[in-house]
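Reading through the structure tokens given below for one structure.
No lab work stands behind these numbers, since they all come straight from the coordinates. Keep in mind that what you see is a predicted model, and the values were worked out from it rather than measured. Please note: Cβ atoms are built from the backbone with ideal geometry, for glycine as well, and neighbour counts cover all protein chains shown.
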Amino acid sequence: MKALRKEADERLLVEAAQRDPRRFAELYELHFHRVYAYVSRRVQSREEAEDVTSDVFHQALAGINGYEWRGTPFAAWLFRIANNAVADRWRRSARESSDPPPEQVDERSMKDVEQRAALYELVEGLPVEQRRVVVMRFVEQKSVREIAQEIRKSEGAVKQLQFRALQTLRSRMEGAHA
């Protein structure tokens, strides 16, 4: 139920941005960190990640009126733009150097991007503490000990939060595929 509401809210944000480009800022705020994280894992420097992420949102804003809601998260569209922007960046730099070009984007990798976007949406729906632990553990790749110190909880409490979060994600993913 909560996921359907979130999807409806996101759809309303997209429609508002299509009517008034100034409303795109809300979509930017909602998705910036995920797009930046996606891009930063695929480029060589922080500056490049910032440039590519900026390009992604400029392209998204320019193309928002052509976006059609098809039931997949808006983030999937942003990740597709990001994937193409990273590939373009690699092609440009490959022409200037001897680095090999990136793998071609195929349907399977786009399906993977869409699945990741759906997973990000599910993670966003977790309670705050569980979401924080999941992000720190799996995105920032911190140890249980590091997380415990940072959030001032015992290691056992961190493990319990992680367990509950993964259990919730698993059940929601199974529910989505049923």
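Just to verify a number: FRET efficiency for His58 and Leu12, C-beta to C-beta distance, R0 = 30 Å, to 0.05? After rounding, the FRET efficiency stands at 0.85.
Here the Debye sum runs over all C-alpha atoms of the stretch 126-178 as equal scatterers in vacuum, and log10 of I(q)/I(0) at q = 0.23 Å⁻¹ comes out as -0.79. Entry for the stretch 6-88 at q = 0.11, 0.12, 0.16 Å⁻¹: log10 I(q)/I(0) = -0.27, -0.32, -0.56, Debye formula applied to identical alpha-carbon scatterers, no solvent contribution. Scoring 32-45, 13-26 by mean Cβ neighbours within 10 Å over their residues and listing the highest first yields 32-45, 13-26. So, R0 is 22 Å and r is the distance between the beta-carbons of Asn84 and Glu26; what FRET efficiency does that work out to, to 0.05? With R0 = 22 Å, the Cβ-Cβ based efficiency is 0.40. Sorted on the mean count of surrounding Cβ atoms within 10 Å across their residues, most packed first, peptides 69-82, 148-161 read 69-82, 148-161.
Figure legend: label point modelled 7 angstrom from the Cα of Val139 along Cα→Cβ; residues of the stretch 16-43 with amide N under 20 Å from it are 25-43.
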